[in-house]
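Enquirer: The structure's right below; bear with me while I get my questions together.
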Amino acid sequence: MSRLPTAELHLHIEGTLEPELIFELARRNAIVLPYRDVEDLRKQYEFTDLQSFLDLYYANMAVLRTEQDFADMTSAYLARAHAAGVRHAEIFLDPQAHLVRGVPLETCINGVAAALRDSEARNGMSTSLIAAFLRDRPAEEALGVLEQLIAMDAPIIGIGLDSAEVGHPPSKFTAVFARAHAAGLKCVAHAGEEGEPGYIWEALDLLGVARIDHGIRALEDEVLVQRLVAEQIPLTVCPLSNVRLRSVDTLADHPLPRMLARGLNVSVHSDDPSYFGGYLDDNFAQLTGTFGLGTEQLAQLAANSVRSAFLGAERSSTLLDEIDQWRDSQPAD
Ligand code: HPA
Ligand code: ZN
């Protein structure tokens with residue numbers, strides 16, 4: 001079966017660091033890891049909640065020191081995403097996670113951007129970069145980093161908001177997002193992953209975001225669901241992430257089918273694929289196995305991802321045509 005063509009809209013590039021690459025970069029940079037080997041590191045990938053994952057995610061970033069390290073991580077992701085059927089990727093980078101370790105903004109931005117630059121020529125995948133701010137750090141720090149990004153004319157299309165959600169509502173970042181809007185940047189935010197539905201309201205009304213990342217807790221608030229449906233606000237849902245971070249008990253308990261049935265504009269993404277047991281193709285394969293999604297539903301999810309992307313009309317229409325062709329090439333359900 002040919003791969004379902006999709007747009008990846010919720011992907012943290014640092015969450016694509018595979019254990020093998022972590023060890024390779026550690027060797028290159030003479031960093032001693034607190035794990036014996038790749039197997040020993042993999043054994044740490046048992047999470048109880050978002051914070052337990054974030055602790056390891058940030059710790060493993062210690063191996064990223066040079067532009068080449070950031071470029072190698074990004075190239076490895078692009079190759080894997082291409083194999084998964086990704087045709088367009090909007091990629092999150094966490095600049096503050098590197099700045100606090102003494103890695104300059106230019107190093108991480110230029111390294112990732114260098115790898116993205118030849119993605120279209122190499123394998124026909126369009127890409128763009130989104131700088132995500134860490135909500136468990138001060139808003140003043142985020143604003144300072146945003147000003148630096150704007151001053152250096154960084155190759156970003158927008159900003160996002162991630163990291164530990166509970167206790168760090170979107171309202172804390174109103175000024176940061178106002179500045180981003182004024183600079184003509186697109187705005188998205190994680191909300192309703194572990195945080196209450198009120199965080200989704202705030203992201204929409206106070207931050208003016210065009211998409212909600214995760215948003216699975218929206219179903220707890222009927223008025224919110226009605227608004228999300230009426231305005232067709234994109235929710236970038238990451239099923240394997242939600243299972244591994246224990247937001248849901250098992251994939252069979254995942255709200256995705258209910259969200260689709262309610263008419264929400266959901267699409268499927270991989271979040272931090274090296275930590276959560278799978279890339280976009282793995283997410284689709286497991287969803288198909290668990291819920292028996294058919295050709296029409298898969299094509300619908302893929303089309304939602306393309307329509308929710310920050311793409312021009314021409315590229316968007318090319319990718320929607322590819323999805324139609326994929327649908328027509330599938331055996332009848
Ligand atoms: N949630 C919040 N912040 C993150 C995540 C996530 O799943 N991955 C990387 N940063
Ligand atoms: Zn995420």
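The values are calculated or read from the model by the stated rules, or taken from the named source; none is laboratory data. None of the values given here were measured: they were computed from a predicted structure. Ideal geometry is used to build each Cβ from the backbone, glycine not excepted, and the neighbour counts take in all protein chains shown. Remember, those area values only see protein heavy atoms, side chains included, never the ligands or the DNA or RNA. Shrake-Rupley method; radii C 1.70, N 1.55, O 1.52, S 1.80 Å.
Enquirer: Please give, to one decimal in nm, the separation of the simple spin-label points placed at Ala313 and Glu231, each 7 Å out from Cα toward the Cβ.
Expert: A separation of 2.4 nm, rounded to one decimal place.
Enquirer: Let me spell out the model: positive unit charges on the Cβ of Lys and Arg, negative unit charges on the Cβ of Asp and Glu, origin at the Cα centre of the range 124-208. What dipole size does that give, in debye rounded to 20?
Expert: Charge dipole, the range 124-208, about its Cα centre: 260 debye, nearest 20.
Enquirer: How compact and how long is the range 182-277, expressed as Rg and Dmax of its alpha-carbon atoms in Å?
Expert: For the range 182-277, the Cα radius of gyration and maximum Cα-Cα distance read 13.0, 42 Å.
Enquirer: So how exposed is Asp249, as accessible area in Å² (1.4 Å probe, rounded to 10)?
Expert: Ignoring ligands and nucleic acids, Asp249 comes out at about 100 Å².
Enquirer: Quick one: what do you get for the range 9-307 if you divide its Cα Rg by 2.2 N^0.38 Å?
Expert: On the way: Rg = 18.2 Å, N = 299, 2.2 N^0.38 = 19.2 Å.
Compactness ratio reported: 0.95.
Enquirer: Considering only protein heavy atoms and a probe of 1.4 Å, how much of the accessible area of the range 9-307 is carbon and sulfur, as a whole percent? Don't jump to the answer; show the numbers that get you there.
Expert: Working: 5600 of 10900 Å².
Answer for the range 9-307 is 51 percent, counting heavy atoms of protein chains only.
Enquirer: How large is the accessible surface per residue of the range 9-307, computed with a 1.4 Å probe and reported in Å² as a whole number? If you can, show how the numbers build up before the last one.
Expert: Working: 10900 Å² over 299 residues.
Result: 36 Å² per residue.
Enquirer: Still on this structure: Ordered by packing density, taken as the mean number of other Cβ atoms within 10 Å over each peptide's residues, highest first, how do 91-101, 25-35, 265-275 rank? Walk me through the numbers on the way to the answer.
Expert: On the way: 91-101: 20.7, 25-35: 13.8, 265-275: 25.5.
By packing density, highest mean first, the sequence is 265-275, 91-101, 25-35.
Enquirer: What whole-number volume per residue, in cubic angstrom, does the convex hull of the C-alpha atoms of the range 1-142 give?
Expert: Numbers: hull volume 18.2 nm³, N = 142.
It is 128 Å³ per residue.
Enquirer: So what's the back-of-envelope 222 nm ellipticity for the chain, counting only DSSP H runs of four-plus at -39500 (n - 2.57) apiece and dividing by all residues, rounded to 500?
Expert: Numbers: 17 runs with 165 residues, N = 333.
Calculated at 222 nm, the ellipticity per residue is -14500 deg cm²/dmol.
Enquirer: May I ask for the distance between the Cα centers of the range 254-333 and the range 156-196, given as a whole number of Å?
Expert: Centre-to-centre distance over Cα atoms comes out at 25 Å.
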